[in-house]
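Novice: I'd like to ask some things about the structure below.
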Amino acid sequence: MPLHVPPAPAPALRSVLTALGSPTAVREARTPSLRTAQGEATPEQPLPLHVLDRITPEGVSATRLVGWRFLIRCGDRSVAAADTRLTPDGWAFSHFFEGPYIASTERALRQAESADRPYQARLLSVPGLYMLTLWLHGDTEGDGSTGHPAATDLLVHRAAHRPRGTGGVRCRARRSSPRPRAD
């Protein structure tokens, strides 16, 4: 099934294009692969970035849109990513970065393309678990700015690359005490 990627707000895209066109922004970024890339750098695959703030006692997740993330492509490969954030004045460029996030996100998106039903691609940060997942949201018609993980949505942890049902995004606490050894 096709993976739906919502269009980013025009001001968010413009802010990334402006940063890419700024020698200072690119030179000062901690992204050697972006500084040394050959060819034109283009922002692609805009993904809305949501944060899971809390889960209510009723089991309902409270998420909020905090930005848009773009993969930056040079030629035939992605070399970096760019984040934008919402400010009181509108969308603004935040920063460039690189690292394993780039390849793991591309791999997760390719795997999501083969899902048995259509999904809208989003990112979901779960700060309490130090986790960022690809959120495959069932509402393919939404603009990407609102919504909560539904029981039918999938979360793809970018390191494991295995989709998991959200189960309404309920978290279970694990005991941190070690098990007694059976010697």
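Novice: Hey, any hits in the stretch 115-127 for a residue that's in contact with a Leu (Cβ under 8 Å, 6 or more places away or on another chain), over 30 Å from Gly21 (Cα atoms), hydroxyl-bearing (Ser, Thr, Tyr) and surrounded by 16 or more Cβ atoms within 10 Å (Cβ to Cβ)?
Specialist: Yes, some residue in the stretch 115-127 is in contact with a Leu (Cβ under 8 Å, 6 or more places away or on another chain), over 30 Å from Gly21 (Cα atoms), hydroxyl-bearing (Ser, Thr, Tyr) and surrounded by 16 or more Cβ atoms within 10 Å (Cβ to Cβ).
Novice: Any residue in the stretch 4-32 that is over 26 Å from Leu136 (Cα atoms) sitting within a Cβ distance under 6 Å of a residue that is modelled with pLDDT of 90 or more and of a type in the set (Asp, Glu)? List the pairs, counting only those 6 or more apart or interchain.
Specialist: Thr31/Glu98
Novice: Right, here's the next one. Taking the stretch 90-133, which residues are modelled with pLDDT of 90 or more, within 18 Å of Ser61 (Cβ to Cβ) and over 14 Å from the mean Cα position of the chain (by Cα)?
Specialist: Listed by number, the list holds a single entry, Tyr119.
Novice: Can you pull out the residues in the stretch 12-57 that are part of a helix (DSSP H, G or I), of a type in the set (D, E, K, R) and within 21 Å of the chain's Cα centre (by Cα)?
Specialist: Across the stretch 12-57, the qualifying residue is only Arg14.
Novice: Would you mind stating whether Ala92 is under 14 Å from Val5 (Cβ atoms) and either in a strand (DSSP E or B) or in contact (Cβ under 8 Å) with a residue 12 or more places away in the chain (or both)?
Specialist: So Ala92 does not fit the description; no.
Novice: Let me ask something else about it. On the basis of being under 11 Å from the mean Cα position of the chain (by Cα) and either open to solvent by 30 Å² or more (accessible area, probe 1.4 Å) or among the polar types (S, T, N, Q) (or both), does Thr87 make the cut?
Specialist: No: the conditions fail for Thr87.
Novice: With respect to the numbered conditions (1) closer than 25 Å to Leu17 by Cα; (2) at pLDDT 90 or above, which one is the sole condition not fulfilled by Leu136?
Specialist: For Leu136, the failing item is (1).
The values are calculated or read from the model by the stated rules, or taken from the named source; none is laboratory data. Keep in mind that this is a model prediction, so the values were computed, not measured. Heads up, the Cβs are rebuilt from the backbone with ideal geometry, glycines too, and the neighbour counts pull from every protein chain shown. Keep in mind that these areas ignore ligands, DNA and RNA; they rest on the heavy atoms of the full protein, side chains included. Shrake-Rupley method; radii C 1.70, N 1.55, O 1.52, S 1.80 Å.
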